[in-house]
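One structure is given below, encoded as structure tokens.
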Amino acid sequence: MTGSSSADGLHPLLEALGPVADALGASLVPSEELEPSDIPLRWRGVLVGGLRLPQLHGALSRLIDQVERELGARLPELSREDKQRAVHLLDDRGAFLLRRSVEDVADALGVSRITVYNYLNAIRS
């Protein structure tokens with residue numbers, strides 16, 4: 001139903017997108033708080049809210065946190081195989097497009113930059 005909301009006051013579309021927003025590090029905002037950079041969310045033509053994407057600042061840390069949750073351990077505690085998997089996941093998510101990311105990921109993994117470059121070369125070949 002247009003304009004309907006769930007028992008906790010959230011529109012069903014916003015409620016359904018909650019886990020997606022959490023996974024992206026984004027937030028859902030009510031329609032009256034939308035900013036020009038927010039993604040408007042419409043339900044049957046009615047604006048019910050928006051998706052506010054996270055700032056780029058801190059993006060690498062958020063990506064590393066996501067990978068650690070996925071793999072079930074902090075990066076330095078991972079086996080060599082899982083460290084390679086972590087680099088693969090980070091690469092798939094665009095982490096290495098960010099400035100100084102190879103150095104920062106190497107520090108987070110407890111390995112050298114050369115090791116991260118070797119993992120990336122193996123992944124990409």
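Some points to look at:
- Accessible-area composition of segment 68-125, carbon plus sulfur, in percent [1.4 Å probe]: 44 percent
- Dipole size of segment 26-89 about its Cα centre, with +1 on Lys/Arg Cβ and -1 on Asp/Glu Cβ: approximately 180 debye, rounded to the nearest 20.
- Using θ = phi - 60° and Karplus 6.51 cos²θ - 1.76 cosθ + 1.60, couplings along segment 63-68 (whole Hz; Gly, Pro as x): 5, 4, 4, 4, 5, 4
- The chain - accessible surface per residue (Å², probe 1.4 Å): 63 Å²
- Estimated 222 nm signal from helices in the chain, with DSSP H stretches of n ≥ 4 weighted -39500 (n - 2.57), rounded to 500: -15000 deg cm²/dmol
- Taking label positions 7 Å along the Cα-Cβ direction at both VAL46 and SER31, the computed distance is 0.7 nm, reported to one decimal.
- Based on Cα contacts under 8 Å between residues 6+ apart, the chain shows a relative contact order of 16 percent.
- A Förster distance of 22 Å, applied to the separation of the beta-carbon atoms of ILE114 and HIS88, puts the FRET efficiency at 0.80.
The values are calculated or read from the model by the stated rules, or taken from the named source; none is laboratory data. Owing to the predicted nature of the structure, the values given are computational and were not obtained by experimental measurement. Because the Cβ atoms are built from the backbone with ideal geometry, glycine has one as well, and the counts that use them run over all protein chains shown. Heavy atoms of the whole protein, side chains included, go into the accessibility calculation; ligands, DNA and RNA do not. Shrake-Rupley method; radii C 1.70, N 1.55, O 1.52, S 1.80 Å.
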